[in-house]
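Every read-out reported here was derived from the displayed coordinates using simple, explicitly stated rules and does not represent laboratory data. Here the structure is a predicted model, which is why all the values come from computation and not from measurement. Cβ coordinates were reconstructed from backbone atoms using ideal geometry, including for glycine residues, and neighbour counts include every protein chain displayed.
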Amino acid sequence: MNRAPLKRSRILHMALMGASDPSGEAEASKEKPFLLRALQITLVVSLYWVTSISMVFLNKYLLDSPSLQLDTPIFVTFYQCLVTTLLCKSLSILAACCPGAMDFPTLRLDLRVTRSVLPLSVVFIGMITFNNLCLKYVGVAFYNVGRSLTTVFNVLLSYLLLKQTTSFYALLTCGIIIGGFWLGVDQEGAEGTLSWTGTIFGVLASLCVSLNAIYTKKVLPAVDGSIWRLTFYNNVNACVLFLPLFLLLGELQTLRDFSQLGSAHFWGMMTLGGLFGFAIGYVTGLQIKFTSPLTHNVSGTTKACAQTVLAVLYYEETKSFLWWTSNMMVLGGSSAYTWVRGWEMKKIQEEPSPKEDEKSSMGV
């Protein structure tokens, strides 16, 4: 049986709703040998880990490296959005020139669509800006804890905006995450490395990540359900909106005085950061496609743990037992929430609907 390729819009829907594609997974299991599927999953998960961890360390270098001494977080973020925009357009042109070589949607700037995507773009700008500002002011080791409240905001916004209630067990896992966050803040303060500025930016980044998922669901129909079109319009809007911020915050003068402005190494690292920013969206969708949303969340949590350990080793930091406990609470709470939500959705899918019960009682 031939099956149409899984659309990226479907992948995003599964990621947001926490639902997998059972029919697709079942067919894939029948069509591919176990060893081949295991190899594919290993490669995809490894690619996600390498891309995500590399992007965090590279952004930390660009935002807060003593060797660069470049205090222009808005410009760094703007440049990464510009690289993503140019890559999307280049791939669109390449796909049009070589239709059989690759599959990429045609991208043409439509002002009507641009306006439709604008509310999401504002949230998107907040998300990537606060992420980078958090990373600028806190260490890579604390970065995961600083942005750990996304799950909590998901639950809160689901109730406030969508009137969706959350089970006691899911709320309990959120309590563990909040406890881990506060313990982490306390231990950073005890070690004299706490940045309240970075922590506040981390909380705002968590809020924007949660809002981004909600607005993405609303805006997707405006771009025909295409993630690449949404990425293109989002980054075009971001480039335009970042320019006045770049000027108002005085970063233009800072950039003019930057000693390495003509350095090929500096622009190479900036461009590499943009490439990683572009790639992370693709490998995230790829990991969901080859595994499941549940596995993707578990992989992301495990990756965060590995990233924290690597950061402590790389920067030769010494952390207390309670500091590590805060990280384990955040990671454990996040994993537990993912498991609880997956179990609840599986239970709902397995329960017969009232109509089916009526048919069964009538002998139909």
Item to check | Most fluctuating residue given options Phe276, Phe321, Phe153, as computed from a GNM of the chain linking Cα atoms under 10 Å | outcome: Phe321
Item to check | For peptides 302-314, 331-343, sequence by mean Cβ density within 10 Å, most packed first | outcome: 331-343, 302-314
Item to check | Compactness of the stretch 107-180, expressed as Rg and Dmax over alpha-carbon positions, Å | outcome: 16.6, 47
Checklist outcome for this item: Under the 7 Å Cα-to-Cβ spin-label approximation, Met345 and Leu255 lie apart by a distance in nanometres of 4.0
Checklist entry - If you take the beta carbon distance between Val309 and Ile41 as r and set R0 to 22 Å, what does 1/(1 + (r/R0)^6) give as a FRET efficiency, to the nearest 0.05? => result 0.45
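Take each uninterrupted DSSP H stretch in the chain, measure its Cα extent along the helix axis, and return the ones at 24 Å or beyond whose mean Kyte-Doolittle hydropathy is at least -1.0. Show your work: numbers first, answer last.
Numbers: long enough: 34-64 (45 Å, 1.27); 73-97 (36 Å, 1.56); 111-137 (38 Å, 1.06); 168-190 (33 Å, 1.10); 196-219 (33 Å, 1.00); 227-248 (31 Å, 1.31); 264-290 (37 Å, 0.99); 293-314 (31 Å, 0.50); 321-350 (42 Å, -0.18).
Span-like helices, by this rule, are 34-64, 73-97, 111-137, 168-190, 196-219, 227-248, 264-290, 293-314, 321-350.
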Next on the checklist: Using the basic label-point model (7 angstrom from Cα toward the beta carbon), what is the Ala101 to Trp324 distance in nanometres?
Outcome noted: 5.1
Checklist entry - Pick the calculated Cα extents along the principal axes in Å for this structure from [x] 65, 50, 42; [y] 62, 54, 40; [z] 81, 57, 44? => result [z]
Checklist entry - Using 0.36 nm per residue, how much length does the chain from Thr302 to Phe57 gain when fully extended, once their Cα-Cα distance is taken away? => result 86.5 nm
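I need the peptides 223-234, 247-258 ranked by packing, meaning the mean over residues of other C-beta atoms within 10 angstrom, with the highest value on top.
Top of the packing list down: 223-234, 247-258.
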Item to check | Segment Arg112-Leu172, length gained on full extension (0.36 nm per residue, minus Cα span) | outcome: 17.2 nm
